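The values are calculated or read from the model by the stated rules, or taken from the named source; none is laboratory data. No experiment lies behind these values; they were computed from the predicted model shown. Neighbour counts are summed over all protein chains in view; Cβ atoms, including those assigned to glycine, are modelled from backbone coordinates with ideal geometry. For the accessible areas, the whole protein counts, side chains as well, though only heavy atoms, and no ligand, DNA or RNA atoms are used. Shrake-Rupley method; radii C 1.70, N 1.55, O 1.52, S 1.80 Å.
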Amino acid sequence: MTGRVYFRILGPLRVGVRDRNVELEDGRARLVLAALLLEALESDRPVPADALVRTVWDGETPVSARTQ
């Protein structure tokens, strides 16, 4: 696939490809994407898995969090 991909993080999180919006489901994947995008803005470095786990579960982390 070629074409422009965009991410909008001010207001509701939005993703698009070739001027078409991509529907994002609510849930963990959306939180992970938001965390990765925000980290890319700040430091452009890989995000440690532990940081993503803290972001997604914010408190009671299941034992299987890192594998999910």
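Total residues in region 45-56 satisfying the condition of being assigned to a helix (DSSP H, G or I) and open to solvent by less than 40 Å² (accessible area, probe 1.4 Å): the figure is 4. Here no strands (runs of 3 or more DSSP E) wholly within region 1-44 include at least 2 residues being surrounded by fewer than 11 Cβ atoms within 10 Å (Cβ to Cβ), basic (K, R) and at negative phi.
Among the residues of region 29-53, just one is at pLDDT below 85 and among the basic types (K, R), namely R45. Out of G11, G59, one residue alone is over 14 Å from the mean Cα position of the chain (by Cα), of a type outside the set (D, E, K, R) and at pLDDT below 85. It is G59.
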